[in-house]
Structure formats: structure tokens, C-alpha cells
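Heads up, the thing below is written out as C-alpha cells.
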Amino acid sequence: VSSRMPEGWYGWDNPIGIESPGFKSRYAIKAYPHVDLSLNRGLMQEIPVSCVMKDSFWQFEFKAKLYYAETKEPVTICNPGQTRRNCPMLILRTQHSDHQASSVVHQFRDRDMKWNPDDWSTFSITVRFD
């Protein structure tokens with residue numbers, strides 16, 4: 001396992017880095033806080049349009065730990081059943097293959113996630129691309 005950033009990961013013009021230890025591994029990807037409140041925060045991984053078939057289902061799962069930017073303390077309040085900015089979410093941005101048309105942003109939350117402020121929490125959802 002390398003301590004270098006895996007190819008294809010981006011930070012929305014934010015710095016991203018490697019954290020150690022990860023979940024059952026030596027490393028994890030770390031996203032640093034964003035200064036504005038836009039959706040352009042966290043981590044992004046590009047998925048080529050050619051990989052996404054119409055009416056296909058995709059399972060997205062990741063482990064997350066969240067910390068307050070100001071204090072570096074773990075996020076203790078996260079109710080996944082409610083819309084809160086301090087819970088993990090998956091943001092998918094779709095765009096036509098010619099990259100000329102405007103993109104569409106889709107937000108997903110795992111409303112059944114069991115939040116553990118002292119350890120890794122599992123985010124898991126299935127998304128249908130139509």
C-alpha cells in the first residue's frame with residue numbers, strides 16, 4: 001500500500017492528502033475544510049461516462065470520520081435521518097459527454113447510517129442512473 005494519492009481523486013480545488021491509519025488499512029484519504037459553504041467540498045472521484053449505463057444500479061460505500069475544522073474535535077452530532085451539513089453525503093455531478101452543457105448535482109444521504117463519533121462510520125447507498 002502506497003502513501004501516495006490514488007489516481008482519479010480530486011478535492012474540488014481543496015487540498016487533499018493521506019491520513020494514517022485508515023480503516024483496517026495503513027492509509028485513508030483526507031479532505032481538508034473548504035472555506036465556503038458551496039457543495040464543492042470533500043472528495044471527488046471521476047467516473048467516465050462510458051462506465052455508466054442507463055437504468056444501471058451502483059452501490060456506493062465508504063467509511064467516514066468527520067472533524068470540526070475549527071477545533072479538530074470529532075463531529076458528535078449527526079442525525080442521518082435529517083438534512084444536516086455535518087453528516088457525510090455523496091454528491092454526484094453529471095455532465096454531458098461533450099462537457100459543454102451545464103452539470104446537474106445530485107445529493108445522497110445514507111439515512112440508515114449508524115453514526116459513531118468516536119470511530120469510523122459506514123455510509124452505504126444504492127443509486128439508480130436513469
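Read the figures in this text as sums done on the coordinates, not as results from a lab. All figures in this text were calculated on a predicted structure; none of them were measured in a lab. FYI the Cβ positions are ideal-geometry reconstructions off the backbone, even for glycines, and counts take in every protein chain you see.
Taking R0 as 22 Å, what's the FRET efficiency between T126 and K24 from their Cβ-Cβ distance, rounded to 0.05?
Details: r = 23 Å, r/R0 = 1.04.
Once rounded, the FRET efficiency stands at 0.45.
Describe numerically, in nm with one decimal, the distance between label points set 7 Å from Cα along Cα→Cβ at W58 and at R111.
Placing both labels 7 Å along Cα→Cβ, they lie 2.2 nm apart.
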